[in-house]
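Just so it is clear, none of the values below were taken in a lab; they were calculated from the coordinates. Fair warning: this is a prediction, and the values are worked out from it, not measured in the lab. Reconstructed Cβ throughout: ideal geometry from the backbone, glycine too, with neighbour counts over all protein chains shown.
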Amino acid sequence: MDILVKCRKCDTENTVTIAKGGDSASPRCLRCDDVLMRYTSVSGYIYILSNPRMKDLLKIGLSTRSVQERIAELSSATGVPLAVQRALGSTDFDK
């Protein structure tokens, strides 16, 4: 995945490619060589959850456990009024 990062030091916009998997990196600015950011990529599920009692609220998150395990955890431990009703999940972070 490519993201655009503006350098804090020289204000130059840089395209940074974020790799999949467990890679760590500290990409540098092409103009001044300052570190733009530090990251460690992770594997897991991106999810979007909704609850009929909270109509204008979506829960968006990342979990290393399955989406169904995360739903069970949220529904039992957080005091939400009803169990989560709808869920979308993906391991493909490019979409």
Length gained when the stretch VAL42-GLU13 is fully extended (0.36 nm per residue, less Cα-Cα span): 7.9 nm
Taking R0 as 41 Å, what's the FRET efficiency between ASP23 and SER66 from their Cβ-Cβ distance, rounded to 0.05? 0.95
